[in-house]
Structures are given as structure tokens and as C-alpha cells.
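Presented below is the structure to which this report refers.
The values are calculated or read from the model by the stated rules, or taken from the named source; none is laboratory data. Values in this document were obtained by computation on a predicted structure and should not be read as measured data. Cβ placement follows ideal geometry from the backbone for every residue including glycine, while neighbour counts extend to all protein chains displayed.
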Amino acid sequence: MNRWLWIILIALGLVAPYVLYPVFVMKLLCFALFACAFNLLLGYTGLLSFGHAAFFGAAAYAAGHSIKVWGFPTELGILTGTLVACLLGVVFGKLAIRRQGIYFAMVTLALAQIVYFVALKSSFTGGEDGLQGVPRGRLLGFIDLNDSLNMYYFVLAIFLFGFWLIARIVDSPFGQVLKAIRENEPRALSLGYDVSRFKLIAFVLSATLSGLAGATKAVVFQFASLTDVNWATSGEVVLMTLVGGVGTITGPMVGAFTVVSLHSRLSWMGSWVTVIVGITFIVCVLVFRRGIVGELQELLRRLRGRPTRARPAAAAQPQATKREA
Amino acid sequence: MDISFKAILIQGMLGLNNGAFYAMLSLGLAVIFGLLNIVNFAHGAFYMLGAFAALIGLTQLGGWIGMPDLQINFWWALLLAPLFVGLLGVLVDRTMLKRLAGLDHLYGLLLTFGIALVLQGLFTNYYNTAGTPYPGKPEMLDGVVNLGFMFFPKYRLFALVFSLLVCLLTWYLIERTKLGAILRAGTENPDLVQALGINVPLLITLTYGFGVGLAALAGVLAAPIYSVSPLMGAELIIVVFAVVVIGGMGSIMGAIVTGLGLGMIEGITKVVYPPASSTVVFIIMAIVLLVRPAGLFGRE
């Protein structure tokens with residue numbers, strides 16, 4: 001991974017709260033981590049999950065509940081949330097990888113809906129009101145997280161850790177196998193790789209890191225709500241990844257920044273935002289499949305005079321075309 | 001347990017109503033998937049559009065076009081709303097879906113998800129998300145009928161019988177007619193069918209129109225039962241996805257049977273264990289995945 005990228009990233013992260021509103025930047029970081037975790041599955045394994053809000057939201061509820069009701073210290077609460085997402089990831093993953101292709105998306109969406117209804121009906125989640133008033137507490141017992149700068153640097157540290165882990169996974173031999181599965185599953189299978197196991201591990205890792213993002217979000221905003229587990233949030237994280245660039249390491253981060261900023265800029269437009277989000281989806285799929293970072297990489301490649309990649313990563317699988325009319 | 005057999009029977013029958021809608025929607029999804037290789041996320045939105053077409057046709061359309069006396073009644077809506085939505089589907093296919101040919105499945109899902117969001121967002125702007133009741137239920141369908149073991153609302157019985165007929169007709173069309181044979185051949189090998197002189201792109205477009213028209217028809221039938229709301233399709237489509245996973249998209253009759261069965265089970269759950277009624281379909285899906293990963297009627 002490029003060293004300069006890290007330097008720029010850390011420098012930007014350190015300066016950001018002095019330029020922008022810290023809570024806003026924290027929101028950006030949480031969703032950026034969520035999108036990067038999601039991309040580990042879609043971009044590098046080629047699996048489209050439409051239920052990732054389940055992990056994000058369940059972790060947010062678990063972290064909020066353990067901190068608020070059981071009195072867990074903040075860092076332990078976030079760990080609890082992450083662990084819950086991990087366990088949920090194991091269960092969902094085991095079920096979902098039993099079906100291939102497009103069924104995978106439908107299965108994950110339906111399973112996530114169970115989590116949504118549990119959150120809606122249970123008493124500990126606060127139902128429609130959500131779980132409110134989660135105390136931020138003190139980090140390691142002495143750093144007051146109610147101070148927004150302290151909180152910010154804690155979130156930045158979590159984000160950088162998560163992002164480092166994802167970059168590390170992608171570059172590892174394990175990550176290479178994932179990419180092989182994405183490009184050509186039968187070939188990976190015939191080379192002797194236990195494809196199902198690799199898929200499951202990728203799914204659980206992605207779920208766990210999404211949980212880390214959700215748990216952190218619950219502490220930052222001091223609440224967890226039904227929005228966190230809703231299918232619309234699952235759609236949102238797909239959009240972030242798509243806008244930024246599926247299968248690029250920094251794409252989801254750029255996408256998350258774009259989508260979150262779009263939401264905060266357009267919040268006065270009410271439900272027209274849904275229409276705009278929908279149009280963004282349509283435009284991205286029809287003419288902008290590489291995403292922002294993907295297009296930039298393509299441009300760089302072209303400027304250097306190297307051969308272009310024919311198709312974006314996620315569309316690499318060849319298949320019979322039904323209309324070339 | 002103090003749950004009477006009769007209560008179970010009543011809820012089971014009421015659940016069948018829902019089941020028939022599941023069947024109609026999953027039928028459309030299966031036909032579209034067979035030929036277009038696209039899982040149509042916008043299916044729920046087109047169902048919602050069908051219900052709104054009926055509502056607007058009755059209460060607002062006349063005012064919009066300067067003919068305040070014009071009211072499109074329920075029977076006309078049953079014919080016109082699916083036609084209108086079907087035409088819209090043709091338009092969507094020709095302008096957008098067509099351009100996805102040869103790409104991975106997931107782009108179709110994402111594109112239609114975008115379409116669903118646009119439609120849903122548009123209606124949320126102008127109509128209450130809590131729902132508007134449809135005032136045009138035909139008078140002859142008011143009241144109840146005595147089925148011997150229970151009293152059943154006339155309209156619900158009509159909707160049930162009507163949607164079952166539509167399902168069976170679709171099954172007949174696809175499994176027993178020449179057109180259906182071409183359609184099935186197109187699913188297996190489009191290039192070969194094209195080589196035999198059949199206009200496959202046209203066939204694909206019409207299939208999409210037919211599929212979403214079916215969804216709209218379900219929407220019109222649902223309008224007098226449930227209130228018409230911009231979110232009615234979004235909630236339904238996720239359940240229908242689960243139905244499709246359970247049944248598998250391979251068989252038309254399988255889709256019908258699965259839809260009806262799950263609707264009934266969902267209804268019965270409302271009596272036996274109410275808290276689980278909204279999740280029971282998803283739980284059954286999880287069990288089916290464990291026991292029979294390819295789905296009840298699936299072939300993978």
C-alpha cells in the first residue's frame with residue numbers, strides 16, 4: 001500500500017476537526033469504515049450483500065445497551081457491539097453462502113429484515129424511539145470523551161485501525177484468493193481452494209468491521225435507532241461503495257464522504273433526497289460503473305499510456321448475453 | 001392453549017389473500033428473471049404504482065385534466081392500471097435495462113433498486129406515508145358471504161379468486177401455449193431462438209412489461225383491502241424475495257404454491273404467536289436454506 005496515501009490520510013485526519021464540525025467528520029469516518037468493510041465483500045470477493053445494515057445496527061444497539069444499561073466502559077461496549085456483529089455475521093454468512101449469485105443478495109436482505117423486526121418489537125431497543133442517551137464515558141478511565149476533540153481522535157484511531165486491517169487483508173495471500181474467487185469461482189475451486197470457507201471468512205470479517213463502525217457510531221451520536229438497521233441503510237452503503245468505486249481501496253471512503261455530504265447538504269429537501277439517491281444509483285449503474293476513484297485510476301492509466309481495463313472489477317465474470325441486438 | 005380452531009381457519013383464509021399477492025409478484029419476478037437475468041427490485045414499487053393508479057384515477061385524474069366528472073371506477077382500474085404500468089415498464093426496459101445486457105446480475109438489481117427509490121420518493125412527497133384509503137370498492141362486493149364454516153368479506157373472496165385465476169392463466173400461458181414455449185426457449189438459449197427468426201429483444205421488453213403489469217394488477221386488487229401508501233411496495237418486496245428464495249425461480253407452479261402457502265402460514269402465525277407474524281417467512285427461509293439450499297422447487 002502506498003506510503004504517501006497513508007501520510008495524506010493521517011494528515012487530513014489530524015487537521016479535519018479544526019476545519020470542519022468534528023461531529024460531522026466523525027460521522028464521515030464511521031460511514032467510511034462501514035463502506036470499506038462492505039467493499040471487502042463486494043469489491044474483493046464479488047458478493048453483493050443487501051443486509052449489511054443488520055451488522056451495523058445490531059452492533060450499535062449492543063454497544064449502546066451494554067454501555068448504558070450494564071455500565072460497560074466505552075471501549076468494552078464498542079468491543080461488545082463488534083462481537084455481536086461478528087456472531088451475527090457467522091450465522092448469516094453460513095446461511096447466505098448456501099445460495100449463489102443473485103440469491104445471495106435476496107437472502108441477506110431477508111435475514112437482515114429479521115434483525116429489523118426484532119429491533120422494532122423488542123423492549124430493550126426502545127422500539128420506534130430508539131435507544132437514547134448512551135453516555136460517551138471515559139476512555140481507559142481518564143480521557144473524557146464528552147470533549148468532542150478527544151472523541152474525535154478516538155474515532156480517528158478506530159477508523160485508521162479498521163482501514164489498515166482492510167488494506168492488509170486485501171494485500172495478503174488470503175486477499176489474493178478472494179480476488180481469484182471474484183474473478184473466476186470455478187477456477188479457484190478447481191485449484192483446490194475451499195471457496196465456501198474463504199467466502200464465509202470474508203463475510204464474517206466484513207460483518208465484524210461493519211459492526212465496529214456501527215458501535216462507534218452509537219457512542220459518537222449517543223443513540224441507536226431503527227434507521228441503523230433499516231434496509232435503506234443497507235442500500236446506502238451499497239451506494240457509497242458504488243459512487244466511490246467498487247473494488248478500489250480508497251473508493252468506498254470517497255463514496256462515503258460524497259454521500260454523507262450530499263445528505264447533509266440536501267437535508268432541507270425532505271423526501272426529494274430519496275429521489276436524488278435513486279437517480280444517483282441509476283446514473284452510477286448506467287454510465288459510471290467504475291466510480292470516482294475507479295475513473296481517476298483509469299484516467300491515470302490512460303495518461304501513462306497503459307492498456308485500459310476493459311470492465312470494472314465486479315463485472316469481470318463473463319456470461320451469456322441475451323440481447324446484442 | 002386457548003386458540004380456537006376457528007380463529008386459525010379465519011386467519012388462514014385472510015392470509016391466503018396476502019399469499020395470492022405474493023404468488024402474483026413472485027410469478028412476475030420469476031418470468032422477468034428467466035428472460036432478462038435481472039432481479040427486479042422495482043417490483044414492489046410497480047405494485048405500489050398500480051394501487052396509486054387506481055386511487056388517482058378515481059379521485060384526482062378528472063380534476064387534473066379538467067373533467068371533474070371523470071372517475072375511473074374499480075373495474076376499469078383493474079384493466080387500465082396494469083396496462084399503464086406495463087407501458088411504463090416497457091419504457092424502463094427500453095431506456096435503461098436494455099443497456100445492462102452482458103453485465104453482471106448485480107447491476108440489474110442495483111439499477112432497479114434506484115428506480116424503486118425514485119418512485120417511492122416521488123409519491124412520498126405528495127401522499128401521506130400513513131396511507132390513504134381507496135374509496136371505490138364496488139358496492140356489489142360489500143358485505144360478507146357465508147362459507148359454511150365462517151363469514152368471509154365478499155371483496156376479499158373476490159380478490160382471492162380473481163388473483164388465483166390470473167395466476168393459473170399465467171401458468172397456462174407459459175406452460176401450455178406456443179408463446180409460452182418461445183418464452184421458455186428464450187430463457188434456455190436466446191441466441192438459438194433469435195436464429196429461428198423470433199424477435200428476442202421485443203420478447204424481452206414485452207416480458208418485462210407483462211411482469212410489472214402483473215405487479216400493478218396485484219396493487220389494484222390490494223387497494224381496497226389495505227390503505228394505499230408510498231411504502232406499501234417496499235415492505236412487500238422483501239417478503240416476496242424471501243418467497244422466491246424459498247420456492248426457487250425455476251417453476252411457475254412452484255411460485256404460486258409457495259406464495260399461497262406462505263401467506264396462509266403468516267396468517268395462522270398471527271393467531272398462534274403474534275410477535276413472529278412479520279418474521280415467520282424469513283425464518284422459514286432460513287430453515288429451507290439449511291435443509292434444501294436450492295429451494296423447494298429449485299434446480300441449481
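Only residues that are within 14 Å of chain B (Cβ to nearest Cβ) and in contact with a Cys (Cβ under 7 Å, 6 or more places away or on another chain) were counted across region A:192-243, and they come to 2.
Take the conditions part of a helix (DSSP H, G or I), at pLDDT below 95 and over 29 Å from A:Gly133 (Cβ atoms) and apply them to A:Thr233. Does it pass? Before you say what the answer is, go through the steps one by one.
Details: part of a helix (DSSP H, G or I): yes; at pLDDT below 95: yes; over 29 Å from A:Gly133 (Cβ atoms): no.
Spelling it out, it is not the case that A:Thr233 is part of a helix (DSSP H, G or I), at pLDDT below 95 and over 29 Å from A:Gly133 (Cβ atoms).
For B:Ala30, state whether it is under 19 Å from B:Val281 (Cβ atoms) and either out of contact with any helix residue (DSSP H, G or I) (no Cβ under 8 Å at 6 or more places or on another chain) or of a type outside the set (Ser, Thr, Tyr) (or both). So B:Ala30 passes the test. Across region B:225-242, the qualifying residues are those that are surrounded by fewer than 24 Cβ atoms within 10 Å (Cβ to Cβ) and of a type outside the set (A, V, I, L, M, F, W, C), and the one among them that is modelled with the highest pLDDT is B:Ser229. Within the set of pairs 6+ apart or on separate chains, which have a first residue in region A:266-289 that is facing chain B (nearest Cβ under 7 Å), a second that is of a type in the set (Asp, Glu) and in a helix (DSSP H, G or I), and C-beta atoms under 9 Å apart? The qualifying pairs are A:Val277/A:Glu236.
When the test is whether a residue is more than 14 Å from the chain's Cα centre (by Cα), within 25 Å of B:Asn125 (Cα to Cα) and touching a residue at least 40 places away in the same chain (Cβ under 8 Å), B:Leu35 does not pass it.
Looking across region B:188-198, the residues that are at the interface with another protein chain (Cβ under 9 Å from one of its Cβ atoms) and either at pLDDT 90 or above or surrounded by fewer than 19 Cβ atoms within 10 Å (Cβ to Cβ) (or both) come down to B:Asn189, B:Asp191, B:Gln194. Every condition in (1) β-branched (Val, Ile, Thr); (2) surrounded by fewer than 21 Cβ atoms within 10 Å (Cβ to Cβ); (3) within 14 Å of another protein chain (Cβ to nearest Cβ) is met by B:Thr177 except one, and the failing one is (3).
Residues in region A:282-289: is at least one surrounded by 17 or more Cβ atoms within 10 Å (Cβ to Cβ), over 24 Å from B:Ile115 (Cα atoms) and not small (Gly, Ala, Ser)? No, region A:282-289 has no match at all.
If you check A:Leu40, A:Leu33, A:Leu95, A:Leu88, which single one turns out to be in contact (Cβ under 8 Å) with a residue 12 or more places away in the chain, farther than 21 Å from A:Lys121 by Cβ and within 14 Å of chain B (Cβ to nearest Cβ)? Please lay out each step first, then the result.
Working: A:Leu40 fails: within 14 Å of chain B (Cβ to nearest Cβ); A:Leu33 fails: within 14 Å of chain B (Cβ to nearest Cβ); A:Leu88 fails: farther than 21 Å from A:Lys121 by Cβ.
None of the others qualify; the one that does is A:Leu95.
Quick check on region B:199-219. Is at least one of its residues in contact with a helix residue (DSSP H, G or I) (Cβ under 9 Å, 6 or more places away or on another chain), surrounded by fewer than 23 Cβ atoms within 10 Å (Cβ to Cβ) and over 23 Å from B:Thr112 (Cβ atoms)? No - not one qualifying residue is present in region B:199-219. Any residue at all in region A:208-227 that's out of contact with any Leu (no Cβ under 7 Å at 6 or more places or on another chain), hydrophobic (A, V, I, L, M, F, W, C) and assigned to a loop (DSSP other than H, G, I, E, B)? No, because not a single residue in region A:208-227 is out of contact with any Leu (no Cβ under 7 Å at 6 or more places or on another chain), hydrophobic (A, V, I, L, M, F, W, C) and assigned to a loop (DSSP other than H, G, I, E, B).
Considering only region B:241-271, state which residues are closer than 29 Å to B:Val144 by Cα and of a type in the set (A, V, I, L, M, F, W, C).
Step one: list which residues in region B:241-271 are closer than 29 Å to B:Val144 by Cα, which gives B:256-271.
Listed by number, the residues that qualify are B:Ile256, B:Val257, B:Leu260, B:Leu262, B:Met264, B:Ile265, B:Ile268, B:Val271.
If you take the residues in region B:264-300 that are facing chain A (nearest Cβ under 9 Å) and hydroxyl-bearing (Ser, Thr, Tyr), which one is surrounded by the fewest Cβ atoms within 10 Å (Cβ to Cβ)? Ranking the qualifying residues of region B:264-300, first place goes to B:Ser278. Counting residues in region B:66-74 that are surrounded by 18 or more Cβ atoms within 10 Å (Cβ to Cβ) and away from chain A (no Cβ under 14 Å) gives one or more. Among what's in region B:90-129 and is modelled with pLDDT under 85 and more than 7 Å from chain A (Cβ to nearest Cβ), pick the residue that is nearest to A:Gly101 (Cα to Cα). Across region B:90-129, the extreme among qualifying residues is B:Thr129.
So B:Gly136 clears everything in (1) assigned to a helix (DSSP H, G or I); (2) more than 20 Å from the chain's Cα centre (by Cα); (3) crowded, with 17+ Cβ neighbours inside 10 Å; (4) in contact (Cβ under 8 Å) with a residue 60 or more places away in the chain except one condition, right? Which one? Looking at each condition in turn, B:Gly136 falls short on (1).
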